[in-house]
1. Pull out all pairs, ordered by first then second residue, where Cβ-Cβ is under 6 Å, the residues are six or more apart or on different chains, the first lies in segment 159-172 and is assigned to a loop (DSSP other than H, G, I, E, B) and modelled with pLDDT of 95 or more, and the second is open to solvent by less than 30 Å² (accessible area, probe 1.4 Å) and aromatic (Phe, Trp, Tyr).
2. Note down all Cβ pairs under 7 Å where the first residue falls in segment 1-24 and is in contact (Cβ under 8 Å) with a residue 24 or more places away in the chain and among the polar types (S, T, N, Q), the second is in a loop (DSSP other than H, G, I, E, B) and open to solvent by less than 60 Å² (accessible area, probe 1.4 Å), and they're at least six residues apart or on different chains.
3. How many of the residues in segment 10-26 are assigned to a loop (DSSP other than H, G, I, E, B), closer than 26 Å to VAL144 by Cα and small (Gly, Ala, Ser)?
4. Can you find even one residue in segment 165-181 that is open to solvent by less than 40 Å² (accessible area, probe 1.4 Å), among the hydroxyl-bearing types (Ser, Thr, Tyr) and touching a helix residue (DSSP H, G or I) at 6+ places or on another chain (Cβ under 9 Å)?
5. Are any residues in segment 16-56 over 17 Å from the mean Cα position of the chain (by Cα) and farther than 25 Å from VAL77 by Cβ, and if so, which ones?
6. Out of LEU44, LEU61, which single residue is hydrophobic (A, V, I, L, M, F, W, C), touching a helix residue (DSSP H, G or I) at 6+ places or on another chain (Cβ under 7 Å), farther than 30 Å from LYS193 by Cβ and at pLDDT below 95?
7. Tell me which of these GLN7 doesn't satisfy, since it passes every other one: (1) under 26 Å from THR183 (Cα atoms); (2) open to solvent by 50 Å² or more (accessible area, probe 1.4 Å); (3) assigned to a helix (DSSP H, G or I).
8. Here are some conditions: (1) open to solvent by less than 80 Å² (accessible area, probe 1.4 Å); (2) at pLDDT below 95; (3) outside any loop (DSSP other than H, G, I, E, B). ALA124 meets all but one. Which one does it not meet?
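The values are calculated or read from the model by the stated rules, or taken from the named source; none is laboratory data. It should be emphasised that the depicted structure is a prediction, and the values quoted were computed from it without experimental measurement. Because the Cβ atoms are built from the backbone with ideal geometry, glycine has one as well, and the counts that use them run over all protein chains shown. Accessible surface areas use protein heavy atoms only, side chains included; no ligands, DNA or RNA. Shrake-Rupley method; radii C 1.70, N 1.55, O 1.52, S 1.80 Å.
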Amino acid sequence: MLEYEKQIWEQGFSLVAGIDEVGRGCLFGDVVAAAVILPKGFLLEGVDDSKKLSEKKRELLFDQIMSEALAVGVGIVDVDAIEALNIKQAARQAMKQAVEQLKIVPDYLLVDAEVVSVDIEQTAIIHGDALSQSIAAASIIAKVTRDRMCIEWDKQYPEYGLAVHKGYATKHHREMLLRYGPTALHRKLFIRKVMAQLELKESASQTEQLELDLI
């Protein structure tokens, strides 16, 4: 997990920031990014792609990262901006915000499969959250931050189960969308196709039931 960092350190850079985002594929809510600068040579035991870790492990690592990191920045882009920009550009904007929120200016960025629009040398790494400690740390900060937001959103919209699925297109979430319709925080462009598929499926189910009733 330190292979990329070591290559950068050997080139004379010391303040390496890992960048990642969470929420790109959700039907609901903001996209969140984080930037993390860990001390040169620091080894964070147990760090990995946030999606592979249990909630308890993420929370423990979140606290450790916040304690040990030289700097942490978080960027948040809301649903209105996602609709206006498209999700790819919104994720990039959140990443840029995260870098700008760092209290220390990094001299190199390691980014999970993206380009950040800042004047800092950087490398994009495919599946970077599973290959770079710095990116994995950013992934954990972004994931825990967004999950906590989902818990608050769940209080506002309890019928959708947001605290459980975190806004992703699970079966329950799709069924609740069909039953209640979208909220103000649902991504309208994302759910248009999902809703059309659900309505078609529901219509087919009703037709099938009617045919059975007539037999």
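1. Matching pairs, first to second residue: GLY167/PHE28.
2. From segment 1-24, the pairs are SER14/ASP107.
3. 2
4. Start the filter on segment 165-181 by keeping residues that are open to solvent by less than 40 Å² (accessible area, probe 1.4 Å), which leaves 165-167, 173, 176-177, 181.
So of that shortlist, the ones also among the hydroxyl-bearing types (Ser, Thr, Tyr) come out as none.
No; the residues of segment 165-181 include none that is open to solvent by less than 40 Å² (accessible area, probe 1.4 Å), among the hydroxyl-bearing types (Ser, Thr, Tyr) and touching a helix residue (DSSP H, G or I) at 6+ places or on another chain (Cβ under 9 Å).
5. Across segment 16-56, the qualifying residues are PRO39, LYS40, GLY41, PHE42, LEU43, LEU44, GLU45, GLY46, LYS56.
6. Going through LEU44, LEU61 in turn, just one is hydrophobic (A, V, I, L, M, F, W, C), touching a helix residue (DSSP H, G or I) at 6+ places or on another chain (Cβ under 7 Å), farther than 30 Å from LYS193 by Cβ and at pLDDT below 95: LEU44.
7. Going through (1) under 26 Å from THR183 (Cα atoms); (2) open to solvent by 50 Å² or more (accessible area, probe 1.4 Å); (3) assigned to a helix (DSSP H, G or I) one by one, GLN7 breaks only (1).
8. (2)
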